[in-house]
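For reference, the structure is listed below as structure tokens.
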Amino acid sequence: KVLGIDCCGPEGSVALAEVSEQGVVVLEARRLAGRTYSAQLMPAIRMMLEASGLVVANLNAIVVVRGPGSFTGVRVGLSTAKGLAQAAGLALIGVSRLQVLTQKAGCGAAMLDAGRGEMYFGLAGDEAVEALRTPEEIRAEIGEGEIACCEEKVARVLTGARMVAAPLAEDALRFVQGRILNRDFDDLATMDAHYLRRSQAEVVAERRAAETAR
């Protein structure tokens with residue numbers, strides 16, 4: 001039994017599933033309204049477990065989508081997953097939202113809105129090369145028809161991209177089915193958020209430090 005957590009997007013989700021060689025069977029799933037993750041996440045997890053007659057200690061692993069996306073959402077989801085895993089001695093797997101999106105759409109690449117005229121962009125099966133790109137850079141790298149997106153803003157920029165529903169926690173569980181069965185878990189101590197860029201607060205702090213040093 002595995003718990004999935006995704007708080008990276010405008011709407012969050014959690015899911016509880018049984019994972020086996022036959023597939024991923026979702027037992028419970030809940031949606032979380034945006035900007036309320038810190039208040040909703042733990043109660044939603046508790047209600048799912050209670051509905052299935054389980055407690056955290058009955059789980060075998062936790063899967064968390066660790067970015068890219070909302071800085072606050074990523075932090076809330078990741079810190080909750082790591083806290084539960086450490087307290088209960090559970091295995092943990094962190095995944096990229098871009099990779100989950102590519103699998104869900106069946107595309108060779110995916111992109112998400114990063115604001116400031118940029119996109120989070122990644123190729124299927126290669127999280128290491130995910131990065132910020134401009135729409136022009138993305139067009140030069142791969143054909144629009146091979147790119148998955150789940151946001152209207154992105155679809156308006158790259159009109160040839162394949163629009164699909166936003167990935168959910170249950171999609172993340174399906175994405176790592178093989179890793180769970182092979183016990184290919186992440187290191188709890190070293191796994192970190194997958195931001196792909198600094199937060200605005202870090203940018204402002206760096207600017208102020210540079211101005212002070214002058």
Would you check if L181 is farther than 17 Å from Q99 by Cβ and in contact with a Pro (Cβ under 9 Å, 6 or more places away or on another chain)?
no
With crowded, with 20+ Cβ neighbours inside 10 Å, in a strand (DSSP E or B) and without any contact (Cβ under 8 Å) to a residue 60 or more places away in the chain as the only criterion, which of L41, L16, L3 stands out?
L16
In this structure, does L49 turn out to be in a helix (DSSP H, G or I) and closer than 30 Å to V129 by Cβ?
no
Considering only residues that are over 19 Å from V176 (Cα atoms) and either out of contact with any strand residue (DSSP E or B) (no Cβ under 8 Å at 6 or more places or on another chain) or among the acidic types (D, E) (or both), which ones fall in the range 10-32?
P10, E11
Exactly one of these conditions fails for G160: (1) out of contact with any helix residue (DSSP H, G or I) (no Cβ under 8 Å at 6 or more places or on another chain); (2) surrounded by fewer than 15 Cβ atoms within 10 Å (Cβ to Cβ); (3) in a loop (DSSP other than H, G, I, E, B). Give me its number.
(1)
Any residue in the range 136-158 that is of a type in the set (G, A, S) sitting within a Cβ distance under 7 Å of a residue that is assigned to a helix (DSSP H, G or I)? List the pairs, counting only those 6 or more apart or interchain.
A148/L101; A148/T102; A148/A105
Hey, can you tell me all the residues within the range 170-200 that are part of a loop (DSSP other than H, G, I, E, B), in contact (Cβ under 8 Å) with a residue 60 or more places away in the chain, basic (K, R) and within 25 Å of L112 (Cβ to Cβ)?
R197
Could you tell me which numbered condition L32 fails, if it satisfies all but one of (1) open to solvent by 10 Å² or more (accessible area, probe 1.4 Å); (2) within 19 Å of D171 (Cα to Cα)?
(1)
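The values are calculated or read from the model by the stated rules, or taken from the named source; none is laboratory data. Remember, it's a predicted structure, so these values are computed and weren't measured experimentally. All Cβ positions, glycine included, derive from the backbone under ideal geometry; neighbour counts span all protein chains shown. What goes into the accessible areas is simple: the full protein's heavy atoms, side chains included, and nothing from ligands, DNA or RNA. Shrake-Rupley method; radii C 1.70, N 1.55, O 1.52, S 1.80 Å.
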